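Below you'll find the structure, written out as structure tokens, and then a few comments.
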Amino acid sequence: MFPPVEDGGGGGGGGGVFISGYWMVLCLMDNVGVDGGACRYRYENGRRYHAYTEDKYILPNDEAEQDRLDILHHTYLVMMDDQLTLAPIDPNPQRILDVGTGTGIWAIDMGERYPSAEIIGTDLSPIQPSWVPPNVHFQIDDAESEWTFPKNYFDLVHIRHLSGAIKDWEALYTEAYRHCKPGGWIDIAEFEMDIFCDDGTLSPDCELKQFYTLVSQATAITGREFNNAANFLPIIEKVGFVNAHHTMVKMPLGPWAVDKKQKEIGAYILLSTETGFEAFGIKLFTQVLGMGVDEAGALITAAQKQATNKRVHVYGKHHLYYAQKPLDAQS
């Protein structure tokens, strides 16, 4: 774990700070160093947030949030039957990019499964471990800035759970297209910021439903909306990808499902909400919607309590995409 540097700060752009091999090289080079805010944090309402381009990402980066991200990674492994990607990549890929790598757990798993590949993970926060497989590297970077990697370079570009952090999805996927090599793949996983119920056990005016509605409203105000996840297929194809696939997966909130696999997924999703409701809600409710801290906290607590009710059968919608850059692509 990297020691926090208190106080705010911001700005900085481009460049990269690498954590490479089995040793740490962090905040010591390039123009995204300590002065640029990459290693500085802000503290609000008991949670820690990154300071580098702080307006672009509303979630905290503290240990509680890192645990939540790792729980979700495990949940995806259960949902995808231990696959790390649905894209039919070459069994011996050379270069893989993980955009918005978070704790780096997906990149690390890919590095172990594909020792032939160089795995690069990028993120706004330097929260990745310093001891990683020798083929895994991390770089502090802003996915919304122009990418500095060579064009036609990666066998796979992986993008998971950047909803709420991106204003222009077409620009993001255009960058992914440019930097995929011909024949390379993009793999995307996003979710809708909403909760669904098929059997009438969810009251439409309960705090649980209200929580998701207000988070969506707040992100719409910021311009970094959550609820585009179901609509990415035409954008992916517009920027040039072909052989595109889209699957919507229902993931229960809580272990109420009869199916054993769905019950396990629901249990892990519920576990992630122990800190997840606060992570998604507190900053948006107080800073964007103008709620008081007590009012926001009461709504978050009520939503979390209702999520544990096994008699309420609700689920979220997760959208999985993968697509290929044409073999004869010129750029």
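The values are calculated or read from the model by the stated rules, or taken from the named source; none is laboratory data. What you are looking at is a predicted structure, and each value in this text was computed from that prediction instead of being measured. With ideal geometry, Cβ positions are generated from the backbone for all residues, glycine too; neighbour counts draw on all protein chains shown. Note: areas computed on protein heavy atoms with side chains; ligands, DNA, RNA excluded. Shrake-Rupley method; radii C 1.70, N 1.55, O 1.52, S 1.80 Å.
Annotations for the structure displayed:
- Single unsatisfied condition, residue 301 versus (1) in a helix (DSSP H, G or I); (2) touching a Leu at 6+ places or on another chain (Cβ under 6 Å); (3) open to solvent by 50 Å² or more (accessible area, probe 1.4 Å): (2)
- Within region 30-71, considering residues that are of a type in the set (A, V, I, L, M, F, W, C) and touching a Phe, Trp or Tyr at 6+ places or on another chain (Cβ under 8 Å), the one modelled with the lowest pLDDT: 32
- Filter pass, residue 314 being crowded, with 20+ Cβ neighbours inside 10 Å, touching a Cys at 6+ places or on another chain (Cβ under 6 Å) and more than 30 Å from residue 180 (Cβ to Cβ): yes
- Number of the condition not met by residue 68 [criteria: (1) in contact with a Ser or Thr (Cβ under 7 Å, 6 or more places away or on another chain); (2) open to solvent by less than 20 Å² (accessible area, probe 1.4 Å); (3) closer than 22 Å to residue 41 by Cα; (4) outside any helix (DSSP H, G or I)]: (4)
- Residue match in region 76-84 (condition: buried (at least 23 other Cβ atoms within 10 Å of the Cβ) and either under 15 Å from the mean Cα position of the chain (by Cα) or in a helix (DSSP H, G or I) (or both)): no
- Residues (in contact with a helix residue (DSSP H, G or I) (Cβ under 8 Å, 6 or more places away or on another chain), surrounded by 22 or more Cβ atoms within 10 Å (Cβ to Cβ) and part of a helix (DSSP H, G or I)) located in region 149-179: 173
- Filter result for the condition that a residue is assigned to a helix (DSSP H, G or I), out of contact with any Phe, Trp or Tyr (no Cβ under 7 Å at 6 or more places or on another chain) and small (Gly, Ala, Ser), over 111, 102: 111
- Hits in region 181-194 (condition: out of contact with any His (no Cβ under 8 Å at 6 or more places or on another chain), farther than 22 Å from residue 152 by Cα and buried (at least 21 other Cβ atoms within 10 Å of the Cβ)): 193
- Residue 236 vs. criteria open to solvent by 70 Å² or more (accessible area, probe 1.4 Å) and either assigned to a loop (DSSP other than H, G, I, E, B) or touching a residue at least 24 places away in the same chain (Cβ under 8 Å) (or both): no
- Selected residue [part of a helix (DSSP H, G or I), of a type outside the set (A, V, I, L, M) and out of contact with any His (no Cβ under 6 Å at 6 or more places or on another chain)] from 316, 276: 276
- Residue check for residue 139: assigned to a strand (DSSP E or B) and either modelled with pLDDT under 95 or of a type in the set (Lys, Arg) (or both): yes
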